[in-house]
1. Within the stretch 112-159, count every residue that is over 24 Å from the mean Cα position of the chain (by Cα), in a helix (DSSP H, G or I) and touching a residue at least 40 places away in the same chain (Cβ under 8 Å).
2. Please indicate, with yes or no, whether at least one residue in the stretch 250-264 is at pLDDT below 95, loosely packed, with under 14 Cβ neighbours inside 10 Å and either within 17 Å of residue 203 (Cα to Cα) or not assigned by TED's automatic domain parsing to the domain that holds residue 209 (or both).
3. Just to be sure before I move on: is residue 270 out of contact with any helix residue (DSSP H, G or I) (no Cβ under 8 Å at 6 or more places or on another chain), within 25 Å of residue 71 (Cα to Cα) and surrounded by fewer than 14 Cβ atoms within 10 Å (Cβ to Cβ) in the structure I sent?
4. For residue 159, are the conditions met, namely being at pLDDT 95 or above, within 24 Å of residue 72 (Cβ to Cβ) and surrounded by fewer than 21 Cβ atoms within 10 Å (Cβ to Cβ)?
5. Does residue 211 meet the test of being touching a helix residue (DSSP H, G or I) at 6+ places or on another chain (Cβ under 9 Å), surrounded by fewer than 21 Cβ atoms within 10 Å (Cβ to Cβ) and more than 15 Å from residue 110 (Cβ to Cβ)?
6. What about residue 199, is it in contact with a helix residue (DSSP H, G or I) (Cβ under 9 Å, 6 or more places away or on another chain) and within 17 Å of residue 113 (Cβ to Cβ)?
7. Counting only residues that are out of contact with any helix residue (DSSP H, G or I) (no Cβ under 8 Å at 6 or more places or on another chain) and in a helix (DSSP H, G or I), which one in the stretch 57-97 is modelled with the lowest pLDDT?
8. In the list 202, 223, which residue meets the criterion of being under 14 Å from the mean Cα position of the chain (by Cα), at pLDDT 90 or above, surrounded by fewer than 21 Cβ atoms within 10 Å (Cβ to Cβ) and assigned by TED's automatic domain parsing to the domain that holds residue 287?
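The values are calculated or read from the model by the stated rules, or taken from the named source; none is laboratory data. For clarity, every value in this text was computed on a predicted model and none was experimentally measured. When we count neighbours, we look across all protein chains shown, and the Cβ atoms used for this are built from the backbone with ideal geometry, even at glycine.
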């Protein structure tokens, strides 16, 4: 590194450059008030946390990469898996995010996200099949009806559209994370500082960003009061609160996140209504969480 020969001369470097911009004699400033103001202005522009992984900041190639990892986690990267209806559930699961779409009638406790994605596409000028835009509810009333219609032109068109909009689905998922961050901190109460710190650590690495993006898509942000078993949620907020205290570095954070997610989901299954038989899904959920630490 360049060093001045005269130690009594200080150099100011532009943006950390090796070349001196100008020399300043080592004397006390004549106007300390103005120097103080300048310092405050500089501090005001320093970031208070790591930047978010916002969809508008990510290039298409990165969105595609993240989207395909989510797709792999949800349905092994298959086009056929983009439309499914799990046994024991009363809704269709669509897209790389398995967005929920309820048929007409009473809705369950889980947030309905497919109409939200359709609205996102429409607001951003994306193409949506006409029959989807016109459908107020999922057109299949039951899993049996869904399976019977699986090879229809309508179902095939839906899968083709979902396969063609991976980047858009990824942007939508990241947008949901962006919009939830401040609300999660507010809802965390006494754990707000912990949640804020864990988010900042996770945002410092690609693995940490992916963990949050995938999990908020997988199990929600944890803010929906209807998504509770015995008063306890299982979303991103609950995972951030559960993360161990010694996750003090960005490199440790994805591992701590994966471990906390496993704890939260195991608790969910333990608290779940017996008739839902959620134990059958737990190992798959835990396997997915393990991918966050890789």
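1. 5
2. Yes, there is a match, as at least one residue in the stretch 250-264 is at pLDDT below 95, loosely packed, with under 14 Cβ neighbours inside 10 Å and either within 17 Å of residue 203 (Cα to Cα) or not assigned by TED's automatic domain parsing to the domain that holds residue 209 (or both).
3. On the way: out of contact with any helix residue (DSSP H, G or I) (no Cβ under 8 Å at 6 or more places or on another chain): yes; within 25 Å of residue 71 (Cα to Cα): no; surrounded by fewer than 14 Cβ atoms within 10 Å (Cβ to Cβ): yes.
Spelling it out, it is not the case that residue 270 is out of contact with any helix residue (DSSP H, G or I) (no Cβ under 8 Å at 6 or more places or on another chain), within 25 Å of residue 71 (Cα to Cα) and surrounded by fewer than 14 Cβ atoms within 10 Å (Cβ to Cβ).
4. Numbers: at pLDDT 95 or above: yes; within 24 Å of residue 72 (Cβ to Cβ): yes; surrounded by fewer than 21 Cβ atoms within 10 Å (Cβ to Cβ): yes.
Answer is yes for this residue.
5. Numbers: touching a helix residue (DSSP H, G or I) at 6+ places or on another chain (Cβ under 9 Å): yes; surrounded by fewer than 21 Cβ atoms within 10 Å (Cβ to Cβ): no; more than 15 Å from residue 110 (Cβ to Cβ): yes.
It is false that residue 211 is touching a helix residue (DSSP H, G or I) at 6+ places or on another chain (Cβ under 9 Å), surrounded by fewer than 21 Cβ atoms within 10 Å (Cβ to Cβ) and more than 15 Å from residue 110 (Cβ to Cβ).
6. Working: in contact with a helix residue (DSSP H, G or I) (Cβ under 9 Å, 6 or more places away or on another chain): yes; within 17 Å of residue 113 (Cβ to Cβ): no.
Against the criterion (in contact with a helix residue (DSSP H, G or I) (Cβ under 9 Å, 6 or more places away or on another chain) and within 17 Å of residue 113 (Cβ to Cβ)), residue 199 does not qualify.
7. Ranking the candidates gives 57 first.
8. Working: 202 fails: surrounded by fewer than 21 Cβ atoms within 10 Å (Cβ to Cβ).
Residue meeting the stated conditions: 223.
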